[in-house]
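The structure under discussion appears below in the form of structure tokens.
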Amino acid sequence: KAVVSTQSGHYGRGQGATFDSQYVQALQYTIHSQTNELPVCPDAADLISQGYGGKRFAYPDKKRFGYSAFYMDTSSGSGFGQPLSSTGSCLISFEIQPIVECTSKQCEVIGDDSSIWMSIHKPDSDTRTIREFFPAGEIEYTKSNPTPVTNYVSRCQVCESQYPWMAVHSFTNEIPACPKNMYGAGVRFNSYVLWEGYSIVMARDRGGGVGQDLASPGSCLKYFSPIMTVKCVPSGTLGRPNCHFQSPDAKAVFIRNSAATWSDRIGPIEQGQQTMSQDWYISRCSVCLLEVQM
């Protein structure tokens, strides 16, 4: 979240607050399409206008777009990740290894450094298994022909909002409602659903991953996929830059549907043969916009 104007602590419509006003805080969030197409920022102006007789507010919503990044790892183990709702998780260009590690002696990129990106999801209408959907093995990456890799990397958009967003999780397979309007202590808010999805805690591969703040929009992804990472390395066994979409080290951690007991499982399933029917085991979630008025 980035505060770009804080001359007043007021949210909402107090004293005519818009993005051109001194009375507003601008908040930035990243959304991920889980496809190779750019996502569209939620039109919060349309949502709010429904509650105010068609009145619209100024929403210059798109700030930056790019590729969905999970985690960057070096051979020394000094990796780092970005929460999916942060602007840092949306990189404007795709690189096999976007970082370089420096010490007091030198800076270098080593062949077994890696970057982990969000892969696209397999559409429900696609009857292929995950093994059949994603490319097999190490897929060579070249800047002159990046599409064999980038066609399978999720795109993202940084959105700007006049009001805060938050995720709520049901811990069941039912989609939760957004918080109800609250009155008291001089504060009132309306809530609006921006999207519904599945509750994710972490996705990782090889050396690391990054956990999600469960109150943040990044913990609620629109689409479920048992595998959602792409691991890329500068050399690997190919000796050339490449990416792996079916890494045996890939893991995704979700909030469990509380109706599923600790002993329940689907499988074991041969790698790549997972189906979307596993989504019953996953908690559902909603991302809500809170229109706060003082």
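The values are calculated or read from the model by the stated rules, or taken from the named source; none is laboratory data. Because the structure is predicted, anything quoted here is derived from the model rather than measured. Here the Cβ is made from the backbone with ideal geometry for all residues, glycine too, and neighbour counts use every protein chain on show. Just so you know, the surface numbers come from the protein's heavy atoms only, side chains and all, with ligands and any DNA or RNA stripped out. Shrake-Rupley method; radii C 1.70, N 1.55, O 1.52, S 1.80 Å.
Computed with a 1.4 Å probe over protein heavy atoms only, the accessible area of Lys143 comes to about 150 Å². Restricting segment 140-181 to chymotrypsin sites (Phe, Trp or Tyr not before Pro) that sit in a DSSP loop and have at most 15 other Cβ atoms within 10 Å of their own Cβ leaves Phe171.
Annotation: extensible slack from Ala136 through Thr237 equals 34.9 nm (criterion: 0.36 nm per residue apart, minus Cα-Cα distance). Between amide H atoms placed 1.01 Å from N, distances below 5 Å from Leu221 occur with Tyr198, Ile200, all of them 5 or more places distant or on a separate chain. Near the amide H of Thr172, within less than 5 Å, lie the amide hydrogens of Ser258, Arg284, all on another chain or at least 5 residues away, with H placed in the peptide plane. Checking the cross-link pairs Lys143/Lys251; Lys180/Lys222; Lys105/Lys143; Lys143/Lys231; Lys122/Lys251 against a 19 Å limit on the alpha carbon distance flags Lys143/Lys251; Lys180/Lys222; Lys105/Lys143 as lying beyond it.
Under a Cβ-only charge scheme (Lys and Arg +1, Asp and Glu -1), can you give me the dipole magnitude of segment 116-255 about the Cα centre, in debye to the nearest 20?
It comes to approximately 160 debye.
Computed from backbone phi with θ = phi - 60° and the Karplus coefficients 6.51, -1.76 and 1.60, the 3J(HN,Hα) list for segment 251-261 is 9, 10, 10, 10, 6, 7, 5, 5, 6, 8, 7 Hz; x is used for glycine and proline. Using 11 Å as the cut-off for backbone N distance, which residues of segment 221-248 belong to the label zone defined by a point 7 Å from the Cα of Arg64 along Cα→Cβ? So the set is empty, nothing qualifies. Segment Asp213..Thr172, full-extension length gain: 12.9 nm, with 0.36 nm per residue of separation and the alpha-carbon distance subtracted.
I need the shape label for segment 90-202. Rule: rounded when a/c is under 1.5, else prolate if a/b > b/c, else oblate, with a, b, c from the alpha carbon gyration tensor. Show your work: numbers first, answer last.
Values: a/c = 2.87, a/b = 1.60, b/c = 1.79.
Oblate is the answer for segment 90-202, as a/c is 1.5 or above yet b/c matches or exceeds a/b.
Placing Val287, Val210 in order of accessible area, with the largest value first and a 1.4 Å probe, yields Val210, Val287.
Site pair Trp280 and Glu37 shows an inter-label distance of 3.1 nm when each label is modelled 7 Å from Cα along Cα→Cβ.
Residue-wise HN-Hα couplings along segment 145-155, as the Karplus relation 6.51 cos²θ - 1.76 cosθ + 1.60 with θ = phi - 60° gives them from phi, are 8, x, 4, x, 9, 5, 5, 10, 9, 5, 9 Hz; Gly and Pro carry x.
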